[in-house]
Amino acid sequence: MGNERKSFELVMVSETYTSDLKGRQSVRTTFKLPTRCIDALSLLAGQLGIKQKSIFDHLVDDTKTLQALARGFEQQEPSRENRVAKTYVISRKTLENLERVSRRFQAPRDALVEFSIERIMPLLKKEKQKHEKRKTLRPKLKEFLENGTELLEQADAVLDRDDPVFEKITQMVETLQSGCDEIDTIIEKGQKLEEF
């Protein structure tokens, strides 16, 4: 009896696990979307350092919100902007969810995707504001690095190279330089937001 129960539980876990894995399987599908939506998805993925697939799955896998968008489809007007065919890699589960909601509410699939992507616009606006704030710090960082470099030159003039204080100042300036380089990379990456 005990072995039969364990065997049954293993089968149940196995079937559930297999079903879950199939749902996570990636599929390619094409949507016709306004370039603004295509750009928004790409920009946010770049800014957050995550895959477009993850954002897409998160947006479209939210069944309640997707159904609310589908119900309100009549009131919302899709963008009149020219649409471009764009192929995305998404999970099978996400695609099935999208198609199920589309059929149930008789709302075009592409419009549901467009309205779903529109939900990230406030996030992009916040990222753009962060980018602008980061840019204001750049001159101060440059000045900070210049002061550190000047201090290192002064230490080099009065201390031996193997002096522990000189070594620490060198280490601090190198760390500062590395941090400034990383910040420059972050700011440069954010420049794409300026055009959006």
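Where a number appears in this text, it was derived from the coordinates with a stated rule and is not lab data. Everything numeric in this text was worked out from a predicted model, so none of it was measured. With ideal geometry, Cβ positions are generated from the backbone for all residues, glycine too; neighbour counts draw on all protein chains shown.
Other residues with beta-carbon under 12 Å from the beta-carbon of Leu159 carry, at +1 per Lys or Arg and -1 per Asp or Glu, a net charge of -4. Note on Lys142 and Arg71: the model spin-label points, each 7 Å out from Cα along the C-beta direction, lie 5.4 nm apart.
Among residues other than Ser102 with Cβ under 13 Å from its Cβ, the summed charge is +1 (Lys and Arg +1, Asp and Glu -1).
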